[in-house]
Structures are given as C-alpha cells and as structure tokens.
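Step one of this worksheet: look at the structure below.
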Amino acid sequence: MRVSKRNLQSIQWLAMLQVGFTYIGTIVGAGFASGQEIFQFITRYGSKSVPIIIVSVLLFILAGAKIMLIAHRIRASSYHQFNRYVFGKKAGLWINVFTLLTLLCTTGVMLAGSGALFAQQLGGFYQIGIIGTALLVYVITSRGMQAIMTVNTFVVPLMLGFTILIGIHTFLMNDATSLSFTERSSVSEWTLAPFLYVAFNLSLALAVLVPLGSTVQDPRVLVGGSIIGGIGLGILLLLSNYALLVRGPAIAQAEVPMAMIVVSLGPLVQWLFSLVILAEIFTTLVGNVFGLTRQLQTLPQFQTGPRVLIAGLLMVCYVISQFGFSTLVHHLYPLFGYLGAGTLLMIFLVRQKPAG
C-alpha cells in the first residue's frame, strides 16, 4: 500500500512528538516538579536565570540529538555500549559500573518519593504507594520502548498544561516588578550552571536516549524530537523559574518550593499537583528500569528474560527506597552531576570512529 507524502509527513511529525515527549519525560523527574532542582541550578542566580535557561535549552537540543544519533549509528542497545564507544573500553567499564549503581539508587529514590507522596496526601500508605508504583512500572517497562513512548505522550502534555496554569496564575496574581532575588554568586558560578544542570540530567537520561536512538529508524525524527524536547523543557523551565522568582526569598529554604506556590490555588489544584509529581516520578522510574534492564541484558551473567530482570531490579530498588528520599538525594545527586560533566564534554568531543 502506497503512503502519500502528506501522510508520511504526518507520521514523521507524530514520531518526532513521541521522541520529544519521551525526552522531556525522561529529564523531568520529582526534583524538577518540586522546584528544588530548578531553584538550585537556575532560580537562585536571579537575573542570570533566563540566560542560563537559554543556554540549557541549546545544550539539551544539541547534546540530546548527538547522543541519539551516535546510538543510532553504532546500534547501541544500552548506555553500556554507548559509554564504551565514547570513553573507550577501560574508562567506559568504570563509568558503566558507576552509572549502574547510581541508576539503581536513583530508581530507589524515585520509589521512595512515590511512597512519600502517598503518605503526604492520604495520611499514610507509604509502603502501598511504593509497591503500587513498582507494579505499574513493571507492567509498562515489560512492554518495551513503544509503551514508554506512549506513556510519555500522555504524561508530558499534562505536565506542560499544569505548569502553564501555574505560570498564568502567578502572572495574574503578582506584579511583574516583583521579580527580585538576592544574588550571591560569582560569574564563574552562574556561567557553569547550565552546563552542570544539563550534564546532570543527560547522565540520567542516557538510559533511555541511547536505546531510543537505536530503535528509531529515521535520523531526522531523532533530530526533530530533540528540538521538540529541548523547546518543551525550555517552556517548563521558563514558567517554573518565573513562578519561583516571584516568590523570591520566601521559597529559598523550602524543601518543595512549588508546593508553596500551589497552596494559593486551592485543594483541587494541590491534588492535581500531587498527581503531576507522581506522573513525573513514574516516567523517570520507567526510563531508569528500562535502561538498567537493557544494560544487564548485555552481560553474560544476566542472560534471562527481561521480565525476570525487571522484577529483580524493582526488588533491589524497593530495598534501597527504605533508606529515605532526602538522604539518598543529598549524597548521590552531586556525585552524578560530576560524572555527567565528563560525559557531556566527551559527547561533543567524540569523533567518527568504528563502532567496535
């Protein structure tokens, strides 16, 4: 059956949107939704926050496209093969071990976050929240990349819509001249901020971007998806940053800055906000578990069915989740950020070479 040019273009655009939304859903996690991550990397620099966001968007587009195109060219099924290609066999081995452990712990952190959210909204049910989320992750992840892309196609527009609502409400309820923030940073600090922010997030996103790049057949779809993803992330960052800037010092010490903003929108919106955070946790969890499964399947010690691996990984992450959300974030995320800086640099420096 012949496909018309118009239908082909429609299919390409749909594929680009799926790739772009999957990119966004992989980057955006509980730290992003809570506002803590945006505040630490962007908002606290005050008037410099907009330039930081612009540079971050460009880096997300360029680095995301290059990661997926490299993975497409070398047919890398996991970040294990990608890191070996970029860093070489010896350095790649150590980076893969560290990445594996950090992704495991990060997945445990996300599970702990889902349990904390249930406990906060329902006055308990911490363990039920974790187990219920883990079961949903198992169902989606076991269905493969297409299921992950489908979930993000629904979740990401929800996140965008909710963030736009917060941005509009903040604009209507506050004077634009109230954008004031006490800046306590050197030039070197805020100029490095977008690079560290993007490096931190892309290191986590490798688990999904690499298999995504090797799965999609058309390189143009990968480039288009990266552009859509970068622009979408830029919109989310600009609106969230604006809402945080308006609140200024009032949210500087808050553990969940965005929660302070949505309080004024009423109980219904607070519940919706909780659902959005849970959805963002879920997309991150699915991406991490999928990437870890792909990684373990490349090792001879784990030559078993993907469903068994997924179940085993979730059990390990369940144990990790019992250590608590804030403790794990505080100790692991800075370390992963430094690793990401090296990865980001190497992604731009790597030249065409044989895939072996």
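Residues that are touching a Cys at 6+ places or on another chain (Cβ under 6 Å) and assigned to a helix (DSSP H, G or I): does the range 111-125 have at least one? It would help to see each step written out before you state the result.
Within the range 111-125, the first condition is being touching a Cys at 6+ places or on another chain (Cβ under 6 Å), and the residues that meet it are 111.
From what is left, the residues that are assigned to a helix (DSSP H, G or I) are 111.
Within the range 111-125 (the criterion being touching a Cys at 6+ places or on another chain (Cβ under 6 Å) and assigned to a helix (DSSP H, G or I)), the answer is yes, since at least one residue qualifies.
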For the range 247-255, indicate whether the set of residues that are modelled with pLDDT of 75 or more and assigned to a helix (DSSP H, G or I) is non-empty. no
Index of the failed condition, Gly287 passing every other in (1) at pLDDT 70 or above; (2) open to solvent by 10 Å² or more (accessible area, probe 1.4 Å); (3) of a type outside the set (S, T, N, Q): (2)
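Within the range 303-314, is there a residue that is closer than 24 Å to Phe21 by Cα, open to solvent by 40 Å² or more (accessible area, probe 1.4 Å), modelled with pLDDT of 75 or more and touching a Ser or Thr at 6+ places or on another chain (Cβ under 7 Å)? Reasoning before the result, please.
Here is the first cut: in the range 303-314, the ones closer than 24 Å to Phe21 by Cα are 310.
From what is left, the residues that are open to solvent by 40 Å² or more (accessible area, probe 1.4 Å) are none.
No, the range 303-314 has no match at all.
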Just to be sure I understand, how many residues within the range 48-107 are open to solvent by 10 Å² or more (accessible area, probe 1.4 Å) and of a type in the set (A, V, I, L, M)? 18
Pairs under 9 Å by beta carbon, first residue closer than 16 Å to Met110 by Cα in the range 305-317, partner loosely packed, with under 13 Cβ neighbours inside 10 Å, six or more apart or different chains? Leu314/Leu135
Report, by residue number, each residue of the range 129-164 that is surrounded by fewer than 14 Cβ atoms within 10 Å (Cβ to Cβ) and farther than 24 Å from Ala207 by Cβ. Gly161, Ile164
Any residue that is in contact with a Pro (Cβ under 7 Å, 6 or more places away or on another chain), open to solvent by less than 30 Å² (accessible area, probe 1.4 Å), modelled with pLDDT under 90 and on the phi < 0 side of the Ramachandran plot - is there at least one of those in the range 18-25? no
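Does the range 43-68 hold any residues that are touching a helix residue (DSSP H, G or I) at 6+ places or on another chain (Cβ under 6 Å), farther than 14 Å from Ile235 by Cα and of a type outside the set (Ser, Thr, Tyr), and which are they?
Here is the first cut: in the range 43-68, the residues touching a helix residue (DSSP H, G or I) at 6+ places or on another chain (Cβ under 6 Å) are 43, 45, 48-49, 52-53, 55-57, 59-61, 63-68.
From the residues that got through so far, the ones that are farther than 14 Å from Ile235 by Cα too are 43, 45, 48, 59, 63-68.
Correct list: Lys48, Leu59, Ala63, Gly64, Ala65, Lys66, Ile67, Met68.
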With the first residue restricted to the range 333-356 and required to be among the aromatic types (Phe, Trp, Tyr) and open to solvent by less than 20 Å² (accessible area, probe 1.4 Å), and the second required to be at pLDDT 65 or above and part of a helix (DSSP H, G or I), Cβ contacts under 8 Å at 6 or more apart or on different chains are Phe336/Thr102; Phe336/Thr106; Phe336/Phe200; Phe336/Ser203; Phe336/Leu204
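The values are calculated or read from the model by the stated rules, or taken from the named source; none is laboratory data. Every value quoted in this text rests on a predicted model; they were computed, and no experiment measured them. Glycine gets a Cβ as well: all are built from the backbone with ideal geometry, and neighbour counts include every protein chain shown. Quick note on the areas: whole protein, heavy atoms, side chains included, nothing else; ligands and nucleic acids left out. Shrake-Rupley method; radii C 1.70, N 1.55, O 1.52, S 1.80 Å.
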